[in-house]
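J.: Submitted below is the structure of interest, expressed as structure tokens.
Read the figures in this text as sums done on the coordinates, not as results from a lab. Source: prediction; values computed, not measured. Counting neighbours? That spans all protein chains shown, and the Cβs are built from the backbone with ideal geometry, glycine included.
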Amino acid sequence: MRGGKINSLDFHRKDDLLVTASDDDSVRLYDIVSAKLIKTTYHKKHGADRVCFTHHPSSVICSTKYNLDSTGESLRYLSMYDNRILRYFKGHKERVISLCMSPVNDSFMSGSLDHSVRIWDLRVNACQGILRLRGRPTVAFDQQGLVFAVAMEAGAIKLFDSRSYDKGPFDTFLVGGDTAEVCDIKFSNDGKSMLLTTTNNNIYVLDAYGGEKRCGFSLEPSPNTNTEATFTPDGQYVVSGSGDGTLHAWNINTRNEVACWNGNIGVVACLKWAPRRAMFVAASSVLSFWIPNPSSNSTDESTDPQATVKSDQV
């Protein structure tokens, strides 16, 4: 475990870049074409917890792990180019557990254990909006940036119009039969489906328009570690880690598992599909790049990544 556990990762939307934040207080930038580390910066004062790209390929937003009570600096706007803090964002009283950037403008959102969601603008220090919620808040923008989702207590998902969120949610969905808190939300690329991962390692795919549950999958529990799932680019498959260290893939139309891989090291806490490449990345204490095997005869070729490249955190 050279770099410690990886806390979060994010792909740039238009460049072949990946950023990770780790328990050793590092933020690392990778070239995903070659799976090579480009740059490492350390943040011993604040730590490195949640991380996401801005629209600029060398700028990221990173959340704070340490000294939050004394500084109030819950989020930092970082330049990876020269390891410089461009702006601090103060407001959250406890750790940020969910972070996402708008795909269309300079706004971003953060959800915190202080039971609030805050909307920010990269260009100003002050918070632009606050939503007070019950439970653990998790946030996500859709791919067009028109709608954002907020998960809260008892499996409730509230949908907001990004341009008029002050008017309140325009719809609320309930994940029936499961009161576990949602730890991750993703929209499919076509905006038709939402992917929810809960703290007790259940995965649900919901219709993004009506909220109906399309399918659900249960995984081995992973004490003290929340796992993450991801859609394939066509929105037809879901890939996820599990508490026993395996990776799984399902067809959401047939609800069948189509692949299971044991090649990963440790419980996968972070997993995302690259927006511009036929690959996904899984992370525990090791960062693994998974790519499809073009010679496979499988009918589910897009979910048959038998060739892998592994890159230890260095």
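J.: Mind checking which residues of the stretch 99-120 are assigned to a strand (DSSP E or B), touching a residue at least 40 places away in the same chain (Cβ under 8 Å) and within 14 Å of the chain's Cα centre (by Cα)?
T.: Of everything in the stretch 99-120, those that are assigned to a strand (DSSP E or B), touching a residue at least 40 places away in the same chain (Cβ under 8 Å) and within 14 Å of the chain's Cα centre (by Cα) turn out to be L99, C100, M101, F108, S110.
J.: Also, quick follow-up: Kindly indicate the residue of the stretch 138-187 that is closer than 24 Å to A274 by Cβ and not in a strand (DSSP E or B) and also farthest from the chain's Cα centre (by Cα) among those meeting that condition.
T.: Filtering the stretch 138-187 for residues that are closer than 24 Å to A274 by Cβ and not in a strand (DSSP E or B), the one farthest from the chain's Cα centre (by Cα) comes out as L146.
J.: Tell me, yes or no, whether the stretch 122-135 has at least one residue that is of a type in the set (A, V, I, L, M, F, W, C), touching a Cys at 6+ places or on another chain (Cβ under 9 Å) and either buried (at least 20 other Cβ atoms within 10 Å of the Cβ) or assigned to a strand (DSSP E or B) (or both).
T.: The answer is no; no qualifying residue exists.
J.: If you scan the stretch 1-27, which residues turn out to be more than 18 Å from K45 (Cβ to Cβ) and not hydrophobic (A, V, I, L, M, F, W, C)?
T.: R2, G3, K5, S8, D10, H12, R13, K14, D15, D16, T20 - these are the residues of the stretch 1-27 that are more than 18 Å from K45 (Cβ to Cβ) and not hydrophobic (A, V, I, L, M, F, W, C).
J.: Do we have R255 as over 17 Å from the mean Cα position of the chain (by Cα) and not aromatic (F, W, Y) here?
T.: Yes.
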